[in-house]
Amino acid sequence: MANTDVTLGSARKSTLSNQARAQGFTHKFKILYTDIDEGSGSSDTVTVALGDTPTDFIVTKALINVTTAFAGTGAMTVQVGTDGDPNNYITATSILAVGPTIAGAGAAPVTLAGSFAAASDALEALFTNSSSGSPSALTAGEMDIYLAMHSANDLG
């Protein structure tokens with residue numbers, strides 16, 4: 001099993017508008033299959049660096065929405081979290097079908113630990129191929145990751 005590290009380009013990271021924030025999410029990360037088509041082993045992983053949290057951060061919500069099913073491999077999952085806890089916000093979930101995924105009621109993160117800290121933390125999405133094929137065999141797929149991420153320093 002090999003891991004490939006990839007950094008998501010700034011063009012596909014966005015802070016949501018006030019109108020879009022009405023659902024409670026503040027940040028969006030768009031990942032295409034071409035971002036993760038690395039590694040040729042059937043159990044290879046790809047770690048996509050999404051960026052950093054602000055200092056004194058709080059993550060209150062997390063959601064994945066697969067808009068185009070990932071195709072070309074037997075089984076692939078994604079986890080969303082930090083570099084120290086890659087499944088803190090969303091645990092491993094398949095990305096081979098279209099639709100939204102939340103970890104808990106109200107899209108609450110999986111664990112409280114790692115959902116807040118005084119120091120900035122590195123956000124990541126960890127993709128794992130666990131069956132036939134490999135990440136490099138992907139031929140389609142697109143997904144959005146939404147987070148509600150705030151700085152306690154911005155609270156009134």
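Here residue 42 fulfils each of the conditions (1) buried (at least 20 other Cβ atoms within 10 Å of the Cβ); (2) more than 17 Å from the chain's Cα centre (by Cα) apart from (1).
So, in the stretch 58-85, exactly how many residues are surrounded by fewer than 22 Cβ atoms within 10 Å (Cβ to Cβ) and not hydroxyl-bearing (Ser, Thr, Tyr)? So the answer is 13. Residue-level check: of (1) open to solvent by less than 30 Å² (accessible area, probe 1.4 Å); (2) part of a strand (DSSP E or B); (3) not aliphatic (A, V, I, L, M), residue 109 misses just (2). Restricting the stretch 132-156 to residues that are open to solvent by 50 Å² or more (accessible area, probe 1.4 Å) and over 14 Å from the mean Cα position of the chain (by Cα), the residue that is farthest from residue 33 (Cα to Cα) is 156. Quick check, is residue 105 closer than 18 Å to residue 148 by Cα and touching a residue at least 24 places away in the same chain (Cβ under 8 Å)? No, not satisfied. Annotation: of all residues in the stretch 112-131 being under 14 Å from residue 94 (Cα atoms) and outside any strand (DSSP E or B), the one that is modelled with the highest pLDDT is 130. Exactly one residue out of 22, 118 is touching a helix residue (DSSP H, G or I) at 6+ places or on another chain (Cβ under 9 Å) and surrounded by fewer than 15 Cβ atoms within 10 Å (Cβ to Cβ), and it is 118.
The values are calculated or read from the model by the stated rules, or taken from the named source; none is laboratory data. Since the structure is predicted, the reported quantities are computational estimates derived from the model, not experimental observations. Methodologically, a virtual Cβ is constructed for each residue, glycine included, from the backbone with ideal geometry; neighbour enumeration extends over all protein chains shown. These accessible areas exclude ligands, DNA and RNA; they are computed on the full protein's heavy atoms, side chains included. Shrake-Rupley method; radii C 1.70, N 1.55, O 1.52, S 1.80 Å.
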